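For reference, the structure is listed below as C-alpha cells.
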Amino acid sequence: METKLTVAGRYVGRTFIPDGPLPEGDGTAILVITPTPRPVKQSIAAAFGRASVLRSGDDIMREAQADRAEWGDR
C-alpha cells in the first residue's frame, strides 16, 4: 500500500472495530489511536427554551389554524 489511509472505528477490548468496510490492499500498517469526544446525549426536553424568539401557545395555535385554512379541502 503506497498511500496513507484513515479508517474510522472504535478500539474496544484491545480490538479495532472499523465503522465500515476496510479498503483493499496489503502491506504493513501502524494503528494510531486519536481520541475523539463522545457526543453528548441530550433529551429532547433539553432543547426547550432555546428558541431565539419564544412564542406563546396561543400564537402557535393561531399559526397552525391559519396553515390549515390555506390547505382548503385537500
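The values are calculated or read from the model by the stated rules, or taken from the named source; none is laboratory data. All figures in this text were calculated on a predicted structure; none of them were measured in a lab. Glycine also receives a Cβ, built like all others from the backbone with ideal geometry; neighbour counts cover every protein chain displayed. Quick note on the areas: whole protein, heavy atoms, side chains included, nothing else; ligands and nucleic acids left out. Shrake-Rupley method; radii C 1.70, N 1.55, O 1.52, S 1.80 Å.
Summary table
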{"item": "Computed over the chain: relative contact order in percent, which uses C-alpha pairs under 8 Å that are six or more apart", "result": "18"}
{"item": "For the range 1-48, convex hull of alpha carbons as volume per residue, Å³", "result": "127"}
{"item": "Charged-residue dipole, Cβ positions (Lys, Arg, Asp, Glu), the chain about Cα centre, Debye nearest 20", "result": "460"}
{"item": "Distant-in-sequence amide H partners of G9 (H built 1.01 Å from N, under 5 Å)", "result": "D19"}
{"item": "Accessible area per residue in Å² at 1.4 Å probe, computed on the chain", "result": "104"}
{"item": "Two-site label geometry, I17 and K41: point separation in nm, points 7 Å out along Cα→Cβ", "result": "1.4"}
{"item": "Accessible-area composition of the chain, carbon plus sulfur, in percent [1.4 Å probe]", "result": "55"}
{"item": "Angle in degrees between helix 57-71 and the longest Cα principal axis of the chain, rounded to the nearest 10", "result": "90"}
{"item": "Potential lengthening between V7 and W71 on full extension [0.36 nm per residue; Cα-Cα distance subtracted]", "result": "18.1 nm"}
{"item": "J(HN,Hα) series, the range 31-45, from Karplus relation 6.51 cos²θ - 1.76 cosθ + 1.60, nearest Hz, glycine and proline x", "result": "8, 10, 9, 10, x, 10, x, 6, x, 7, 8, 10, 7, 4, 5"}
